[in-house]
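Below is one structure, written out as structure tokens, with a few remarks after it.
The values are calculated or read from the model by the stated rules, or taken from the named source; none is laboratory data. Since the model is a prediction, treat every value here as computed from it, not as a measurement. All Cβ positions, glycine included, derive from the backbone under ideal geometry; neighbour counts span all protein chains shown.
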Amino acid sequence: MTTSFNYNNTRISYTDIGSGKLVFLLHGFGEDAGIWQLQKEFLQPHYRLIIPDLPGSGDSDLLAKDNITIDDYADVIYALYQSLQLSDNQQISILGHSMGGYISLAFAKKYAAIVKSVGLIHSTAFADSKEKKQVRLRGIEIMAEYGAFAFLKNTIPNLFAENFKQQFPKVVESLIEKGNQFTVSSLQQYYISMMNREDKTILLKSLNIPVLFIIGTEDVAVPLQDVLQQVHLPYIAQIKILEDVGHMGMLEATDIANTAVLEFLNNF
């Protein structure tokens, strides 16, 4: 069921489906809740899934606030959790793709008491490097000059491994087409929040809850070698490396990624 709640006069849309233990799935930059469609179908018989459109994506309104941070998005997710009117501080597993992973870590830091486990799906605890920040600043300029759709049209193909792009061009084209929904303001908010986020490696080391890492060997956005420097930090870690997969394992290696997520949720 797709529904919504009001957060500071901002409409936030989300899907609430299935039953059982709570699992939140957070999408990444240039995506909406629909990116999880294949995971929703697979996990729905086992868990209650809460899948929001982050502010400015899908059917959710943009936050009317300057200098948005990753913590601001974590606060939105906590407000969503509260709107569910659960009893006894029910714990959740929170899994995020790319930017959604940054939000998941921020959520785990701010609201540790209700977090049972965290999943970083093609995501990282590292902050942006100086070079990455410069790339984001240039991206913000390009968005303003050419528009949101033109920016996504040029960047989305780079998120997929070459073999997948050749074999399944319609999947890539479909994701590009959904880029029409985004405004320049929403994409710029995301970039600013990601650019200014703090390093979370110390948090990873202090977490006493399980952490799932799903990593693509061909991921240029969150490189394998960067994430491998982090997987030893949590007390409990489950690691799945997807061979010949880029940044979009949910689409590029759906069965393997789904199985890894289900095993993680079942084990922890």
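Against the test of being farther than 21 Å from P223 by Cβ and surrounded by fewer than 16 Cβ atoms within 10 Å (Cβ to Cβ), the options A144, A148 yield a single qualifying residue, A144. Listed here are the helices (runs of 4 or more DSSP H) enclosed by segment 58-151 that have at least 2 residues being closer than 23 Å to G179 by Cβ and among the acidic types (D, E): 130-146. Within segment 151-174, the residues that satisfy the criterion of being among the basic types (K, R) and either surrounded by 12 or more Cβ atoms within 10 Å (Cβ to Cβ) or in contact with a helix residue (DSSP H, G or I) (Cβ under 6 Å, 6 or more places away or on another chain) (or both) are K153, K165. Residue count for segment 76-107, restricted to those that are touching a residue at least 12 places away in the same chain (Cβ under 8 Å) and either surrounded by fewer than 18 Cβ atoms within 10 Å (Cβ to Cβ) or polar (S, T, N, Q) (or both): 11.
Which residue out of I51, I94 is under 25 Å from S174 (Cα atoms), modelled with pLDDT of 95 or more and of a type in the set (V, I, T)? I'd like the intermediate steps shown before the answer.
Working: I94 fails: under 25 Å from S174 (Cα atoms).
One residue alone meets the criteria, I51.
Of all the numbered requirements in (1) surrounded by 17 or more Cβ atoms within 10 Å (Cβ to Cβ); (2) under 19 Å from G34 (Cα atoms); (3) under 17 Å from the mean Cα position of the chain (by Cα), K200 misses one, and that requirement is (2). Of the helices (runs of 4 or more DSSP H) contained entirely in segment 194-268, those carrying at least 1 residues that are within 30 Å of R138 (Cβ to Cβ) and at pLDDT 95 or above fall at 201-206, 224-228, 249-252.
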